[in-house]
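The structure under discussion appears below in the form of structure tokens.
The values are calculated or read from the model by the stated rules, or taken from the named source; none is laboratory data. Note that the coordinates shown come from a computational prediction; the quantities given were computed from them, not determined experimentally. Ideal geometry is used to build each Cβ from the backbone, glycine not excepted, and the neighbour counts take in all protein chains shown. Accessible surface areas use protein heavy atoms only, side chains included; no ligands, DNA or RNA. Shrake-Rupley method; radii C 1.70, N 1.55, O 1.52, S 1.80 Å.
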Amino acid sequence: MTAILSNPRARRLFLSRHLLLRPEGGPARGADLSALLDGLGFVQVDSVNTLARAHDLILWSRRGRYRPEALQRHVARDRAAFEHWTHDASVIPMDAYPLWRLKFARDEARMRARWSAWRREGWHAELDAVLAHVEAHGGTSSSDLGKDEKKNSQGWWDWHPSKTALEFLWRSGRLAVARREGFRKVYDLSERVIPDEHRTAVMAEDEALDRALSAALARLGFATHGELAAFFDIATPAEAKAWAAAALASGRAVPVEVEMADGALRPCLAAPGALDEAASLPEPSNRVRILSPFDPALRDRARAERLFGFHYRIEIFVPEAKRRYGYYVFPVFQGDRAVGRIDAKRDGETLAVRAFWPEPGVRMGAGRIKALEAELERLRRFTGLSEVAFAEDWLRAAA
């Protein structure tokens, strides 16, 4: 008989694997930052900065002493992590670089097929020219190239040819992000950025897939094969399905029925011992946490909705008149549940709270409001702002 993991225990295990169950100490730099990145698997990088950038807020949510310059040093000086693609642009522990060699090859094949379909003439020469420029001049950003180029309406996001070439060479592994200036990527040859021990490591395809899928299961706690494939976006769903069947047959994984927020049972697999771990985890902290919209715990929106009953979408690309909440609204958790969402932004030197919508059934009593105010004060200190200010009608009706 397949074991059942109750929803409260599933939420607790999931948050524990995402390092959100209880506050943890640590300087969030050097070895501690390496351990934090390894525990998460990756941290998504995003340019929106209404209050704090996504990657910084993700790390701060888990280490209150984290400061943005620590991640910059980690990538650009210490070479302890690298930037590349999972489901989106991310910072990834350097130890995982050998796995990405498979992703480089697969992404390059897909990109070449796509470019051929566009029938772009001369793009091979553009790649060669950009690569030669980087080899001769070192660190190169998109602003260093293509000043007289016309955009290609069929290219990636309507980019200039040289910008597209830089991204192609990065995605295929020949260039690496050496550093960022502001938020602009500065590329250099991979051999000048990635330490040799990681860059030259050779791993067979089946070993890379096994390591990637095993790592995904360890970080999720429990998952379907589709969720495992989507975690790093290295394995295909078919490869993940075959791996899951083999892992179950060999005892490297066990079947489990996970109770969702609505009471439905979802067939998943888990690492042996995960159910015992879930049963022994401590009660979650009662701290209110304001999370990044791109937090790893919420990256898979459908999964988060099934597990927590929390329907969350980013409305950046929704026309203003059609937005239900706002341009960039932050999820708010307390303990092991989603308690609401908050519209807060930087306004000069003020952290301006424009609205908070509690989830249905969440009562905003004095204690919870005080806990929310305490989190906003922590966030104010992190962002270097001088005060928190609440709009007159900031506390809204339930979402």
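For the reader, a short list of remarks on this structure follows.
- Inter-label distance for residue 313 and residue 35, nm, one decimal - labels placed 7 Å from Cα along Cα-to-Cβ: 4.1
- Share of Cα-Cα pairs in segment 257-374 lying beyond 22 Å, as whole percent: 44
- Of the residues 162, 141, 47, the one that moves most in a GNM of the chain with alpha-carbon contacts below 10 Å is 47.
- The mean accessible area for residues of the chain, using a 1.4 Å probe and ignoring ligands and nucleic acids, is 45 Å² per residue.
- When DSSP beta bridges are restricted to pairs lying wholly in the chain, around 85% turn out antiparallel.
- Average Cα contact separation per residue, segment 259-399, under 8 Å, 6 or more apart, as relative contact order %: 21
- Calculated FRET value between residue 128 and residue 79, using beta carbons and R₀ = 25 Å, to 0.05: 0.40
- Rough spin-label spacing in nm, given labels placed 7 Å along Cα→Cβ, for residue 197 and residue 287: 3.2
- Comparing mean-square fluctuations of 36, 385, 291 from a GNM of the chain with C-alpha springs under 10 Å, the top value falls on 385.
- Estimated inter-spin distance, residue 47 and residue 276, nm [label 7 Å along Cα→Cβ]: 5.0
- Seen from every direction in turn and averaged, the convex hull around the alpha carbons of segment 206-246 projects onto 2.3 nm².
- Take the Cα of residue 396, go 7 Å toward its beta carbon, and the backbone nitrogen atoms of segment 324-351 under 11 Å from that spot belong to 324-330, 341-344.
- With the convex hull of its Cα atoms as the shape, the chain has an orientation-averaged projected area of 21.6 nm².
- Gaussian network model of the chain, Cα within-10 Å springs - most flexible of 16, 285, 34: 285
- Across the chain, the mean sequence separation of Cα contacts (distance under 8 Å, 6 or more residues apart), normalised by length, yields a relative contact order of 17 percent.
- Alpha-carbon centroids, segment 305-364 and segment 170-197: separation in whole Å: 35
- Between residue 373 and residue 260, the C-beta separation translates, for a Förster distance of 45 Å, into a calculated FRET efficiency of about 0.90.
- Cα gyration tensor shape for segment 311-375, rounded if a/c is under 1.5, else prolate or oblate: oblate
- Of 103/163; 163/345; 103/345; 322/370, those spanning more than 26 Å from alpha-carbon to alpha-carbon: 163/345; 103/345; 322/370
- Counting protein heavy atoms only, the chain has 49 percent of its accessible area on carbon and sulfur, 1.4 angstrom probe.
- Size of charge dipole - the chain - debye, nearest 20, with Cβ of Lys, Arg +1 and Asp, Glu -1, no other charges: 740
- Shown is the FRET efficiency for residue 302 and residue 111, computed with R0 = 30 Å from the Cβ-Cβ distance and rounded to the nearest 0.05: 0.65.
- Zone residues, segment 57-71, relative to residue 180, backbone N less than 18 Å from point 7 Å out along Cα-to-Cβ: 57-63, 66-71
- Fraction of beta bridges assigned by DSSP in segment 281-399 that are antiparallel (%, nearest 5): 75
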